[in-house]
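Enquirer: The structure's right below; bear with me while I get my questions together.
The values are calculated or read from the model by the stated rules, or taken from the named source; none is laboratory data. Owing to the predicted nature of the structure, the values given are computational and were not obtained by experimental measurement. Cβ: placed from backbone, ideal geometry, glycine included. Neighbour counts: every protein chain shown.
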């Protein structure tokens, strides 16, 4: 009888011990989710999308593992705790990387806006020197229309920059700069040809 009681107590103690090892690491999960949310607020999805996706994938895998363990009698959350620590550190790093990248893009947009405004001004001067022959007049009208479109894009990019949408501003101003540079080359070539004929 005494042995049965001791055996029963040992079993209860063992189950209590194992179930205490098998508690969901909720505090770690919450901390990691908060770090991922902070990375999202830092616009990691915009500035470092691959890194942000990796953090989200890692967290999804951890949560899938936790769900699987929850359905077992003897739960083992040790591996999840280790992965949560790593994912928390990664999420913090991603938030920092996003902030750094955002600052880089902001500075790039500032430089591009200054550069493109100079090219647009040069293009306006070149248009006055461009040949005006029969074909030239039609081409110049086309160029003037294109230049008006470029100036509208610059204004849009400036607006996006002012709102803090630096990546969108960067994409818009890069495309406009490419078009402005193309017009610049076209005008210079046309002027050079006329000078060459003289």
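Enquirer: Please verify whether residue 186 is in a helix (DSSP H, G or I), crowded, with 16+ Cβ neighbours inside 10 Å and outside the structural domain of residue 48 (by TED's automatic domain parsing), treating the condition exactly as stated. If you could, list the steps in order and put the result at the bottom.
Expert: Numbers: in a helix (DSSP H, G or I): yes; crowded, with 16+ Cβ neighbours inside 10 Å: yes; outside the structural domain of residue 48 (by TED's automatic domain parsing): yes.
In short, yes.
Enquirer: Considering segment 146-183 alone, what residues qualify as being crowded, with 16+ Cβ neighbours inside 10 Å, free of Cβ contacts under 8 Å to residues at least 40 places away in the same chain and under 16 Å from residue 105 (Cβ atoms)?
Expert: 160, 165, 168, 172 - these are the residues of segment 146-183 that are crowded, with 16+ Cβ neighbours inside 10 Å, free of Cβ contacts under 8 Å to residues at least 40 places away in the same chain and under 16 Å from residue 105 (Cβ atoms).
Enquirer: Pairs only if they're at least six apart or on different chains, beta carbon under 8 angstrom, first in segment 124-139 and over 21 Å from residue 150 (Cα atoms), second in a helix (DSSP H, G or I); list them, first residue then second.
Expert: Partner pairs satisfying both residue conditions: 131/190; 131/191; 131/193; 131/194; 132/140.
Enquirer: Would you pick out the residues in segment 88-145 that are part of a loop (DSSP other than H, G, I, E, B) and surrounded by 13 or more Cβ atoms within 10 Å (Cβ to Cβ)? Before the answer, list the steps.
Expert: Going through segment 88-145, the residues part of a loop (DSSP other than H, G, I, E, B) turn out to be 130-133.
Those that are part of a loop (DSSP other than H, G, I, E, B) and surrounded by 13 or more Cβ atoms within 10 Å (Cβ to Cβ): 130, 131.
Enquirer: Sticking with this one: Among the numbered conditions (1) at pLDDT below 95; (2) surrounded by 13 or more Cβ atoms within 10 Å (Cβ to Cβ), tell me where residue 4 comes up short.
Expert: (2)
Enquirer: State the number of residues belonging to segment 30-58 that are exposed (fewer than 15 other Cβ atoms within 10 Å of the Cβ) and closer than 16 Å to residue 100 by Cβ.
Expert: 3
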